[in-house]
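The values are calculated or read from the model by the stated rules, or taken from the named source; none is laboratory data. Owing to the predicted nature of the structure, the values given are computational and were not obtained by experimental measurement. So basically every Cβ, Gly included, is an ideal-geometry build from the backbone, and we count neighbours across all protein chains shown.
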Amino acid sequence: LESYQTIVNGQLQHDGLSYQYLAETYGTPLYIFDETTFVQRVKDYKEALSNPYFETEVLFASKALLTKAMGQLVAQLGIGQDVVSAGEIYTAVASGVNPSKLYFHGNNKLNDELLYAIEQGVGTIVLDNRSEASRLNKLLLDLGKKQRVLLRLNPGVEAHTHEYIKTAHNDSKFGESVFDPAIEDVIQTINNYPTLDLAGFHCHIGSQVFEEQSFLDSATEMIEFSKKMEDNLNLKVKEINFGGGFGVYYTAEDKPFDIKAFLPKFIQHVHETSQKLSLTLEKVTIEPGRALVNQSGSTLYRVGDLKTTTSGKNYLFVDGGMTDNIRPALYQAKYEALITNKADEVADTVYTIAGKACESGDKIINDYPLPEAETGDLLLVNGTGAYNYTMSSHYNRIPKPAMIHVLNGKSRLTVKRETFADMMRNEI
Ligand code: LLP
C-alpha cells in the first residue's frame, strides 16, 4: 500500500475516499494522482540537494506525466522542468510554468520547435549534437538573439536496472560521446558560435537505475571531462545537469532509491571531485521524472469477465489495459494490484490480469495472486504515475481515461474522460 491508502471495513481508501466512491463519481478506468505525495517528494529532493557549495535545482522530467494540473503544480512549487518537444513547452507555458525554468531536451528538435522555444523564452536548450548546434546558431543569427545552452554528453557510463557497464563504445542516439576523437573541436565550435552561451554539460545515464555507483561514476567522468575542456579550450563550465533515472518501486524486486541518503552523498562527491580538480561549478541540476510521480499515481479498473482456459489459466479482464498502460506490453514491466473492495481477503487465486484490446500481449500482470474475484469488483494498480498517461493511446478506439487529483481528502477532475467524438475531432 502507498502511504495515502488505508483499509476500512475491508474497503481500501485513498486519503479517506473509498475507491467505490471514486469509481461511481468519475467512472473507470481512472487515473488517480495524490498531490500530497508528489509535493512531499519534490520537497525531499530539494532538501536533499541543498548544500553550501553551489546552487542546485530539481527539474521535473515532464515526459513522465504532463497535464495542465501537473504544470500548475510545478509552477506553484517553483521547480524547473525538462521538456522534450514543442508540445511539452506549450503545455508547460499554458499551465503557468515560467519558461526561463525550462530545459529543452531531445534529439532532432525541429527548426519550428527551436524557433518556438526561442520565442517562448525557454531558459536553456540542451543541445543534442553538433548538427543541432549549427542549426540553432543559424536560427539565432537570423533573429539577432542569444541563447543559453548545455551540451548533452555521453560519459560512457551506461546504467541498466540490474547490470552496469562502462564502455568507450557508445552507440546511443543521444548526445556527443566524450570519447569521440573530435569532441574538443565540436565543443570549441559550439563555444565559438556568437549566438550560443555554452553554460556547461548534461548527461543522462538511463532510467529506472538502482546502482548508486553508476551516478557517482558518471559524475566523476563529467567533472574530469569538464575540467579538461576548461583547460584546453576557452570555456567556463558553470553548470552540469546530471539527468534523472532514479529507480522506483514497482514490485518487491525493486529497491527504490533512498534519495534522502543518496543525494547528499552525491552532492558531496560532486563537490570533492570538482574541488580536487579546481573546477568551480555554479549550478548542479538533476531531472527526475519517474521518481517524482510514480508513487503518486494509481489506476482504478472495473473487473469485467473472468474466464479459465482449458489448461487452467485464470483470466481477469479489466476495462482498460495497454491503451492506458503500455509498459507491460512494451517493456515486460511488472506491477502489483489489489481488489479494493476485498482488501482484507486472502489472495488465494492466481489471475492473469488482461486488458480489453485486440492484442494477446495486452496484459497488465501475469499470474498474480488476488482474492477470488467477481465481475464488478474494483481492481487497483499502484505505481502508475509515470509513463502511463503520457504513453496512452487510442488503439481500438478506446477513449483515454479521466484523471483526478486527490488532496486533503478531496478529489477533483483534472483530465476529462475522452468521448468518441474527441477521438474523431481531427478527422475530415
Ligand atoms: N532526462 C532525460 C534526458 C531523459 O531522457 C529522461 C528519460 C529523464 C530525464 C527522466 O528519467 P526518469 O527519472 O523518469 O527515469 N518510457 C520509459 C522511460 C523512458 C525514459 C526516457 N528518458 C518507461 O516507461 O520506463
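Structure above, values below:
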| quantity | calculated |
| --- | --- |
| Test: residue in the range 362-380 that is closer than 17 Å to Leu12 by Cβ, outside any loop (DSSP other than H, G, I, E, B) and basic (Lys, Arg) | no |
| Gly247, sole failed condition from (1) more than 14 Å from the ligand (Cβ to nearest atom); (2) modelled with pLDDT of 95 or more | (1) |
| Segments classed as strands (runs of 3 or more DSSP E), wholly inside the range 1-105, with at least 1 members that are under 22 Å from Glu119 (Cα atoms) and of a type in the set (Asp, Glu) | 80-83 |
| Top-ranked residue in the range 277-314 [being farther than 30 Å from Asn241 by Cβ and free of Cβ contacts under 8 Å to residues at least 60 places away in the same chain; ranked as surrounded by the most Cβ atoms within 10 Å (Cβ to Cβ)] | Asn314 |
| Qualifying position, being within 15 Å of the chain's Cα centre (by Cα) and free of Cβ contacts under 8 Å to residues at least 60 places away in the same chain, among Phe317, Phe257 | Phe257 |
| Val42 vs. criteria more than 23 Å from Met403 (Cα to Cα) and of a type in the set (Val, Ile, Thr) | no |
| Some residue of the range 221-228 being within 16 Å of the ligand (Cβ to nearest atom) and in contact with a strand residue (DSSP E or B) (Cβ under 6 Å, 6 or more places away or on another chain) | yes |
| Residue, surrounded by the fewest Cβ atoms within 10 Å (Cβ to Cβ), within the range 184-212, restricted to residues that are away from the ligand (no atom under 16 Å from the Cβ) and of a type in the set (Ser, Thr, Tyr) | Thr189 |
| Any pair with Cβ under 7 angstrom, 6 or more apart, that starts in the range 205-218 at a residue that is within 12 Å of Gly244 (Cα to Cα) and ends at one that is part of a helix (DSSP H, G or I) and within 11 Å of the ligand (Cβ to nearest atom) | Ser207/Arg290; Gln208/Arg290 |
| Failed item, numbered, when Phe215 is tested on (1) within 16 Å of the ligand (Cβ to nearest atom); (2) in a helix (DSSP H, G or I); (3) surrounded by fewer than 17 Cβ atoms within 10 Å (Cβ to Cβ) | (3) |
| Residue list for the range 234-276, filter: touching an Asp or Glu at 6+ places or on another chain (Cβ under 7 Å), among the hydrophobic types (A, V, I, L, M, F, W, C) and surrounded by fewer than 17 Cβ atoms within 10 Å (Cβ to Cβ) | Phe262 |
| Single residue of the range 336-349 satisfying the filter (within 19 Å of Tyr250 (Cα to Cα) and surrounded by fewer than 19 Cβ atoms within 10 Å (Cβ to Cβ)) that is farthest from the ligand (Cβ to nearest atom) | Ala347 |
| Qualifying residue in the range 106-120 (condition: assigned by TED's automatic domain parsing to the domain that holds Arg148, within 12 Å of the ligand (Cβ to nearest atom), of a type in the set (Phe, Trp, Tyr) and modelled with pLDDT of 95 or more) | no |
| Selected residue [at negative phi and surrounded by fewer than 20 Cβ atoms within 10 Å (Cβ to Cβ)] from Ser62, Ser18 | Ser18 |
| Hey, Ala69 more than 16 Å from the ligand (Cβ to nearest atom), surrounded by 15 or more Cβ atoms within 10 Å (Cβ to Cβ) and closer than 30 Å to Leu407 by Cβ or not | yes |
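The rows are residues; the columns are (1) outside the structural domain of Asp377 (by TED's automatic domain parsing); (2) basic (Lys, Arg); (3) closer than 16 Å to Lys363 by Cβ.
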| residue | (1), (2), (3) |
| --- | --- |
| Ser274 | yes, no, no |
| Thr280 | yes, no, no |
| Val284 | yes, no, no |
| Leu306 | no, no, yes |
| Thr309 | no, no, yes |
| Lys313 | no, yes, yes |
| Phe317 | no, no, yes |
